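A.B. asks: I'd like to ask you about the structure that follows.
The values are calculated or read from the model by the stated rules, or taken from the named source; none is laboratory data. This is a predicted model, so every value here is computed, not measured. No Cβ is skipped: glycine too gets one built from the backbone with ideal geometry, and neighbour counts run over all protein chains shown. Only protein heavy atoms, including side chains, enter the accessible area calculation; ligands, DNA and RNA are left aside. Shrake-Rupley method; radii C 1.70, N 1.55, O 1.52, S 1.80 Å.
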Amino acid sequence: MFAKAFRVKSNTAIKGSDRRKLRADVTAVFPTLGTDQVSELVPGKEELNIVKLYAHRGDAVTVYVSGGNPILFELEKNLYPTVYTLWSYPDLLPTFTTWPLVLEKLVGGADLMLPGLVVPPAGLPQVQKGDLCAIALVGNRAPVAIGVAAMSTAEMLTSGLKGRGFSVLHTYQDHLWRSGDKSSPPSIAPLALDPPDLSEEKGSVHADTTLQGDMRRLTLEGEEEEGEVQQRCGEKSLSEATEDPSVGGLNPDPTDSKTLQEQMDELLQRCFLHALKYRVKKADLPLLTSTLLGSHMFSCCPEGRQLDIKKSSYKKLSKFLQHMQQEQIIQVQELSKGVESIVAVDWKHPRKGSILEGSEVRTIVINYAKKNDLVDADNKNLVKLDPILCDCILEKGEQHTVMKLPWDSLLNRCLEKLQPAYQVTFPGQEPIVKKGKICPIDITLAQRASNKKVTVVRNLEAYGLDPCSVATILQQRCQASTTVTPAPGTKDILQVQIQGNQIHHLGRLLLEEYRLPRKHIQGLEKAPKPGKKK
């Protein structure tokens, strides 16, 4: 609305009666504000002006200005806060998050499309169509825009986060913002706990494995110790024919012979089971099926993938949940007309794809061999290989020559055949499982055209560190300019650039304050030597 210059019709001091009416309107529209907060926003004696203007499209707008900054504006008898007000009261409106690169589009007058949303672990805020919402950027809770929801949260999730999400009315850097003091958004930390403690004393990194299939029976009980980072191995069945990544959270293989529909079916089941295992608690029941999808399943979707029920064979969530009910995993009931809820979960139902530690894998293999009478009667140190074990661990040339293996060789071969992944657990948060080995934080020095050096650091997100927050801290400590930009050749991964060789400051921050193990940081040796100019 304010992407282009507006025309001011009048600018007058507010009358006492209008001031009282404005206070009453603010109290009615924003009931979360207390009496003292309303008095701060609409002061009793300080100068307060009413500016009447016409937006570039001809809309008649009334703006309330206090202390030189626009604090509220009224359009078609609806009252809206400006970004200046939201910076003082960041929790005034339900807040949705998007990427920094999207802000430029919003300032230019674009609406916020749903694919640009970042779904937090706790799920999207619950809003209805027409609700007023704030929009913030990743890493900073200070709103940079306000808009009206084009659909409810449930409809957003049902659409697979596609289409127009919010009609944007006002943004940071637009002409309404420029009519104030043009201050920048404050740094307001996201609603999250402190960074994870990854010290050697409190955390560990070790190799684990996962098996699935007939040999495994898991329950949905048991949680990881807080502060622990564990090297895991993703799931792979003992038979390639029964391989199922439904709970491993792995990205799709471009060479996968499965159809896109089959892959979406597997992803849907993976997100469903992971949500039940790590997010839904008994105290949450009965749980609306829309809440299960929006607040739990979407946030369990692996990085780089998008859950779209319409692309699955089920087409609708209700049909998928009906299938899960037939599998006796859950019970679904219509507690109110047209609204279904999950009323019960079989927490001990056998699962595929859960993460297991190495010791658990060994126990599973041993129990499987004993249960199927595979231990050699003449030599207890040997295990006879049945078709499942043959398919799992033997090479093609060994299929008809190797009939038995020692226990240690059998176990080692099983572990070697599994696909690696890692699981990171941050204090107070659900475990995050990702494919491959955990990448170290990468610190490099780059030479710019001006022959000046810059320090570049990547992969902070993998360790629960927000690049924007790290950049702010380094800017203050190094007294040097910092920028946060997308890392080249990556998707949704940010890198921090600091002017000069600041590896010494960066190393102290990561090692001493965040207590990251040194082995997970590469590039510290490039720090300037004592007495050497940066």
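A.B. asks: Give the residues of the range 268-297 that are free of Cβ contacts under 8 Å to residues at least 60 places away in the same chain, of a type outside the set (Asp, Glu) and more than 20 Å from LYS319 (Cα to Cα), sorted by residue number.
C.D. replies: Scanning the range 268-297 gives LYS281, ALA283.
A.B. asks: Same structure, new question: Any residue in the range 460-468 that is assigned to a loop (DSSP other than H, G, I, E, B), open to solvent by less than 40 Å² (accessible area, probe 1.4 Å), touching a strand residue (DSSP E or B) at 6+ places or on another chain (Cβ under 9 Å) and acidic (Asp, Glu)?
C.D. replies: For the range 460-468, residues assigned to a loop (DSSP other than H, G, I, E, B), open to solvent by less than 40 Å² (accessible area, probe 1.4 Å), touching a strand residue (DSSP E or B) at 6+ places or on another chain (Cβ under 9 Å) and acidic (Asp, Glu): present.
A.B. asks: Which residue pairs have Cβ atoms closer than 7 Å, lie 6 or more positions apart in sequence or on different chains, and pair a first residue in the range 99-121 that is of a type in the set (D, E, K, R) with a second residue that is open to solvent by 30 Å² or more (accessible area, probe 1.4 Å)?
C.D. replies: Note: pairs meeting the criteria are ASP111/ARG164; ASP111/SER167.
A.B. asks: Of all residues in the range 104-113, which are surrounded by fewer than 20 Cβ atoms within 10 Å (Cβ to Cβ) and not acidic (Asp, Glu)?
C.D. replies: LYS105, VAL107, GLY108, GLY109, ALA110, MET113
A.B. asks: Can you name the residue in the range 378-408 that is in contact with a strand residue (DSSP E or B) (Cβ under 9 Å, 6 or more places away or on another chain) and part of a helix (DSSP H, G or I) and is also surrounded by the fewest Cβ atoms within 10 Å (Cβ to Cβ) among such residues?
C.D. replies: TRP407
A.B. asks: Could you count how many residues in the range 53-106 are closer than 24 Å to SER152 by Cα and basic (Lys, Arg)?
C.D. replies: 2
A.B. asks: So, one more: Tally the residues that are surrounded by fewer than 17 Cβ atoms within 10 Å (Cβ to Cβ), more than 22 Å from ILE329 (Cβ to Cβ) and at pLDDT below 50, restricting the search to the range 233-292.
C.D. replies: Qualifying residue count, the range 233-292: 9.
A.B. asks: Okay, moving on. Quick one: which of GLN479, GLN497, GLN447 is of a type in the set (S, T, N, Q), over 23 Å from PRO120 (Cβ atoms) and in contact (Cβ under 8 Å) with a residue 40 or more places away in the chain?
C.D. replies: Numbers: GLN479 fails: in contact (Cβ under 8 Å) with a residue 40 or more places away in the chain; GLN447 fails: in contact (Cβ under 8 Å) with a residue 40 or more places away in the chain.
The unique qualifying residue is GLN497.
A.B. asks: Can you tell which of ALA28, ALA13, ALA55, ALA60 is open to solvent by 60 Å² or more (accessible area, probe 1.4 Å) and either acidic (Asp, Glu) or closer than 24 Å to TRP87 by Cα (or both)?
C.D. replies: Step by step, each of ALA28, ALA13, ALA55, ALA60 is checked, and only ALA28 is open to solvent by 60 Å² or more (accessible area, probe 1.4 Å) and either acidic (Asp, Glu) or closer than 24 Å to TRP87 by Cα (or both).
A.B. asks: Residues that are among the aromatic types (Phe, Trp, Tyr) and at pLDDT 90 or above, at least 2 per element: which helices (runs of 4 or more DSSP H) completely within the range 35-109 meet that?
C.D. replies: Here the list reads 83-88.
A.B. asks: Tell me, which residue of the range 16-25 that is out of contact with any Leu (no Cβ under 6 Å at 6 or more places or on another chain) and closer than 20 Å to ASN78 by Cα is most open to solvent (accessible area, probe 1.4 Å)?
C.D. replies: The extreme case among them is ARG20.
Condition check ((1) part of a helix (DSSP H, G or I); (2) within 18 Å of the chain's Cα centre (by Cα); (3) polar (S, T, N, Q); (4) at pLDDT below 85) across all residues:
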site	(1), (2), (3), (4)
LEU411	yes, no, no, no
LYS434	no, yes, no, yes
ASN451	no, no, yes, yes
VAL454	no, no, no, no
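A.B. asks: Please verify whether the range 490-503 includes one or more residues that are closer than 21 Å to GLY139 by Cα, surrounded by fewer than 14 Cβ atoms within 10 Å (Cβ to Cβ) and modelled with pLDDT of 85 or more.
C.D. replies: no
A.B. asks: Related question: Looking at the range 438-447, is at least one residue hydroxyl-bearing (Ser, Thr, Tyr), more than 24 Å from the chain's Cα centre (by Cα) and either closer than 28 Å to GLU104 by Cα or at pLDDT 90 or above (or both)? Quick ask: steps written out before the conclusion?
C.D. replies: So in the range 438-447, the residues hydroxyl-bearing (Ser, Thr, Tyr) come out as 444.
Now restrict to residues that are more than 24 Å from the chain's Cα centre (by Cα): 444.
Within this subset, residues satisfying the condition of being either closer than 28 Å to GLU104 by Cα or at pLDDT 90 or above (or both) are 444.
Yes; the residues of the range 438-447 include at least one that is hydroxyl-bearing (Ser, Thr, Tyr), more than 24 Å from the chain's Cα centre (by Cα) and either closer than 28 Å to GLU104 by Cα or at pLDDT 90 or above (or both).
A.B. asks: Can you tell which of SER359, SER313, SER336 is out of contact with any strand residue (DSSP E or B) (no Cβ under 7 Å at 6 or more places or on another chain), under 30 Å from ASP408 (Cβ atoms), surrounded by fewer than 18 Cβ atoms within 10 Å (Cβ to Cβ) and among the hydroxyl-bearing types (Ser, Thr, Tyr)?
C.D. replies: None of the others qualify; the one that does is SER359.
A.B. asks: Scanning for something within 24 Å of LEU317 (Cβ to Cβ), touching a residue at least 60 places away in the same chain (Cβ under 8 Å) and of a type in the set (A, V, I, L, M), does the range 165-176 turn up at least one residue?
C.D. replies: Within the range 165-176, the first condition is being within 24 Å of LEU317 (Cβ to Cβ), and the residues that meet it are 165-166.
After this cut, where a residue has to be touching a residue at least 60 places away in the same chain (Cβ under 8 Å) as well, the list is 165-166.
Those left that are additionally of a type in the set (A, V, I, L, M): none.
No, because not a single residue in the range 165-176 is within 24 Å of LEU317 (Cβ to Cβ), touching a residue at least 60 places away in the same chain (Cβ under 8 Å) and of a type in the set (A, V, I, L, M).
A.B. asks: Condition test on LEU510, is it surrounded by 14 or more Cβ atoms within 10 Å (Cβ to Cβ), part of a loop (DSSP other than H, G, I, E, B) and under 24 Å from the mean Cα position of the chain (by Cα)?
C.D. replies: So LEU510 fails the test.
A.B. asks: Of all residues in the range 293-310, count the ones that are of a type in the set (D, E, K, R) and open to solvent by less than 50 Å² (accessible area, probe 1.4 Å).
C.D. replies: Filtering the range 293-310 down to residues of a type in the set (D, E, K, R) leaves 303, 305, 308, 310.
Now drop any that are not open to solvent by less than 50 Å² (accessible area, probe 1.4 Å), which leaves 308.
The qualifying residues number 1.
A.B. asks: I've got another one for you. Given the condition in contact with a helix residue (DSSP H, G or I) (Cβ under 9 Å, 6 or more places away or on another chain) and under 23 Å from VAL118 (Cβ atoms), answer yes or no: does some residue in the range 504-513 qualify?
C.D. replies: no
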